[in-house]
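Presented below is the structure to which this report refers.
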């Protein structure tokens, strides 16, 4: 019996008609697999399965997911992200050092200047009666405007110019910002992506050194909402909070002081 595979037109265009037909005929399709979205086991003979092609600079990796989780699609990632995805597929994924089960997960990325490190914390935020997946971004020091030699901190003004909005009430969900997205691949957090307004090309605004493990609750919430709330604050405003209730308090304090901006971003890929 042929597998219950979905191969989208964009995936077919990348892998070619011959390979697509071989997949649909069951020649190269797995019987069982770990869903690249929810990370639970799937069966191509029993349930609709999406083919998901991760494409790097020179290589590509074909993965599988429950069709109920995500549609068949092509996900463009960097070569570094693709290596992390391959490691995840083969069971060599890395959990953030010092991460406690159920606690927010810290990650860091050095900016191109090599001077500032962006700290990223994953947590869930209660808005109304719904839990939303959230990322909180805080640099290790002042962020200067490109081309400026001044000592000022332009982190929030730069983000506002890019579409983020000031937050005065954490209990209200932020608006979606065009051109931005969050890449969750193989069930792990890879990057925050930003599209260039002039060219439309997408690049990583923040990228984890290694794919970052997130809690099951965070991942489930992200897959359900298909949206991530991204908050940002200047250096020293939030800190590394060990619990989500303390993270919420820190966000509310930053908002009250006019030191918090946010945007809602769709998931890119899984």
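Any read-out appearing in this document is the output of simple, stated calculations on the displayed coordinates, not a laboratory observation. Remember, predicted model here, so these are calculated numbers, not experimental data. All Cβ positions, glycine included, derive from the backbone under ideal geometry; neighbour counts span all protein chains shown.
Sorting the segments 180-188, 242-250, 64-72 by their mean number of nearby beta carbons within 10 angstrom, highest to lowest, gives 180-188, 64-72, 242-250. Computed extension length for residue 32-residue 246: 73.0 nm, one decimal, from 0.36 nm per residue of separation with the Cα-Cα distance subtracted. When 22, 12 are arranged by Cβ crowding within 10 Å, least crowded first, meaning fewest neighbours, the order is 22, 12.
Both numbers refer to the Cα atoms of the stretch 106-268; Rg and Dmax are 14.8, 46 Å. Note on residue 41 and residue 68: the extension gain reaches 8.4 nm, defined as 0.36 nm multiplied by sequence separation minus the Cα-Cα distance. Pop the C-beta distance of residue 19 and residue 226 into the FRET formula with R0 = 35 Å and round what comes out to the nearest 0.05. Efficiency at R0 = 35 Å is approximately 0.75.
Any idea what % of Cα-Cα pairs in the stretch 5-76 are farther than 15 Å? The calculated P(r) of the stretch 5-76 puts 48 percent of pairs beyond 15 Å.
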